[in-house]
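Engineer: Just passing along the structure, written as structure tokens.
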Amino acid sequence: VGRPRWMAPRPRHSIAGALLAHAGERGVVASPEVFEAIRIEEAIARYGVDFDEQNYPQDASLEKLAVSFQKGCYLGQETVFMLEVRGHAKKRLVRLAIDGDGDVPVGSPIVSPEGGAEVGSVTSRTRAPNGAGLIALGYVKYKLAVEGTELQVSGRAARITRAPAPKS
């Protein structure tokens, strides 16, 4: 697929049409399915799908993009700041590679192979670019949010292929 500089879905509104008219060689026209696959492959959280008002920004690694720790007096500021001072959220959004054929429903439990304890759930999924298995986004417990961690989803082997960078 390459790395497009920007991408707009097929035009449904005049804004998308205007963007595509000025795209030149740098733009890519993509179906919503392709856009979703690239979003998941790049581990980009989507509001209403991978996070909502029940999540802290740190859960979905949004603290650098969407939070000011210098600006004061906004709703939820103390809670978000204290979570930042503590060092980490209880759960983190990660990208998973899931082996095997067939779909995995959104909401499927992510399970630790040792003991079978549920450690998270799938929020988004799509076919892997090479056609072998699925790639998915999901939340897992903080201590497990490390690249290479082996897990299971719907009885299939899975491993974390992208996790948030640890704080220094």
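Engineer: Going through region 142-168 one residue at a time, which ones are closer than 17 Å to Ala45 by Cα and assigned to a strand (DSSP E or B)?
Structural biologist: Ile160, Thr161, Arg162
Engineer: What's the total number of residues in region 31-63 that are over 14 Å from the mean Cα position of the chain (by Cα) and either among the hydrophobic types (A, V, I, L, M, F, W, C) or exposed (fewer than 10 other Cβ atoms within 10 Å of the Cβ) (or both)?
Structural biologist: 3
Engineer: Separate question: In region 46-80, which residue that is in a helix (DSSP H, G or I) and touching a residue at least 12 places away in the same chain (Cβ under 8 Å) is farthest from Glu147 (Cα to Cα)?
Structural biologist: My answer is Thr79.
Engineer: Further, regarding this structure: Taking region 92-143 as the region of interest, how many residues are loosely packed, with under 14 Cβ neighbours inside 10 Å, under 27 Å from Pro57 (Cα atoms) and of a type in the set (A, V, I, L, M, F, W, C)?
Structural biologist: Initial filter on region 92-143 (loosely packed, with under 14 Cβ neighbours inside 10 Å): 101-103, 105, 107, 113-118, 129-132, 143.
Of the ones still in play, those that are also under 27 Å from Pro57 (Cα atoms) are 105, 107, 117-118, 143.
Restricting the remaining residues to those that are of a type in the set (A, V, I, L, M, F, W, C) gives 117.
Number of matching residues: 1.
Engineer: Considering only region 81-140, how many residues are in a loop (DSSP other than H, G, I, E, B) and not acidic (Asp, Glu)? Walk me through it before giving the result.
Structural biologist: Keep residues of region 81-140 that are in a loop (DSSP other than H, G, I, E, B), which gives 87-90, 99-108, 112-117, 128-133.
Next, from what is left, pick out any that are not acidic (Asp, Glu): 87-90, 100, 102, 104-108, 112-113, 115-117, 128-133.
Residues in region 81-140 being in a loop (DSSP other than H, G, I, E, B) and not acidic (Asp, Glu): 22 in total.
Engineer: I would also like to ask the following. Scanning for something within 14 Å of the chain's Cα centre (by Cα), of a type in the set (S, T, N, Q) and in the same structural domain as Leu151 (by TED's automatic domain parsing), does region 112-123 turn up at least one residue?
Structural biologist: yes
Engineer: Then there is this: Are there any pairs with C-beta distances below 9 angstrom linking a residue in region 32-45 that is free of Cβ contacts under 8 Å to residues at least 60 places away in the same chain to a residue that is part of a loop (DSSP other than H, G, I, E, B) and of a type in the set (Val, Ile, Thr), with the two at least 6 apart or on different chains, and if so which?
Structural biologist: Matching pairs, first to second residue: Val34/Val1; Ile38/Val1; Ile38/Ile44.
The values are calculated or read from the model by the stated rules, or taken from the named source; none is laboratory data. What you see is a predicted model; the values in this text were computed from it and never measured. Using ideal geometry, Cβ is built from the backbone for each residue, glycine included, and neighbour counts are taken over all protein chains shown.
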